[in-house]
Amino acid sequence: MTKALLIYLVSSFLALNQASLISRCDLAQVLQLEDLDGFEGYSLSDWLCLAFVESKFNISKINENADGSFDYGLFQINSHYWCNDYKSYSENLCHVDCQDLLNPNLLAGIHCAKRIVSGARGMNNWVEWRLHCSGQPLSYWLTGCRLR
């Protein structure tokens, strides 16, 4: 009940303010509630760094790529492989509409990101994570966050 309530409150706050950004610590709480700390060997700090380098914590970010595909949401999940944007061919490996990855409740994006990370390449699927987070000290991402 507490998990659902926190996710509801965070998504309600974002919707009421028509904001597309989530704070680092609010995101850390949601990620922790969704059991991402230690998921496939990645810490909450890895997930926060990934979200920052990909979208600057912008839930509604959409980026067009040179190949005509698009990246969606907090984790910039690609439409060619992971979600269906109905604009071009998609393998849709997460079985999700790309627009769902922009939802303030974050669950579709988190579930798809978990599926991506569960593959052989893990977080190495994201170039920006490889360049800016992998092998770096990341504990500062949780500084000041009150987690349970």
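Restricted to region 58-74, and to residues there that are touching a residue at least 24 places away in the same chain (Cβ under 8 Å) and over 12 Å from the mean Cα position of the chain (by Cα), the residue that is surrounded by the most Cβ atoms within 10 Å (Cβ to Cβ) is PHE70. Of all residues in region 3-40, those satisfying the criterion of being more than 16 Å from HIS111 (Cα to Cα), open to solvent by 50 Å² or more (accessible area, probe 1.4 Å) and either modelled with pLDDT of 55 or more or within 13 Å of the chain's Cα centre (by Cα) (or both) are LEU21, SER23, ARG24, ASP26.
Residues are listed down the side, and each one gets a yes or a no for (1) without any contact (Cβ under 8 Å) to a residue 40 or more places away in the chain; (2) buried (at least 17 other Cβ atoms within 10 Å of the Cβ); (3) within 14 Å of the chain's Cα centre (by Cα):
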residue: LEU106; (1), (2), (3): no, yes, yes
residue: ASN124; (1), (2), (3): yes, no, no
residue: CYS133; (1), (2), (3): no, yes, no
residue: TRP141; (1), (2), (3): no, yes, no
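Apart from one condition, PRO104 fits all of (1) closer than 20 Å to ALA28 by Cα; (2) in a helix (DSSP H, G or I); the exception is (2). Just one of the listed residues (SER55, SER79) is polar (S, T, N, Q), modelled with pLDDT of 95 or more, surrounded by 18 or more Cβ atoms within 10 Å (Cβ to Cβ) and over 21 Å from LEU27 (Cα atoms), namely SER79. Scan region 96-137 for residues that are touching a Lys or Arg at 6+ places or on another chain (Cβ under 9 Å) and more than 15 Å from LYS61 (Cα to Cα) and jot them down. If the condition is that a residue be touching a Lys or Arg at 6+ places or on another chain (Cβ under 9 Å) and more than 15 Å from LYS61 (Cα to Cα), then MET123, ASN124 are the ones that fit.
Selection of region 82-102 for residues being surrounded by fewer than 18 Cβ atoms within 10 Å (Cβ to Cβ) and touching a residue at least 24 places away in the same chain (Cβ under 8 Å) yields only GLN99.
The values are calculated or read from the model by the stated rules, or taken from the named source; none is laboratory data. Source: prediction; values computed, not measured. Every residue, glycine among them, receives a Cβ derived from its backbone with ideal geometry; neighbour counts consider all protein chains shown. Accessible surface is based on the protein model in full, side chains and every heavy atom, while ligands, DNA and RNA are left aside. Shrake-Rupley method; radii C 1.70, N 1.55, O 1.52, S 1.80 Å.
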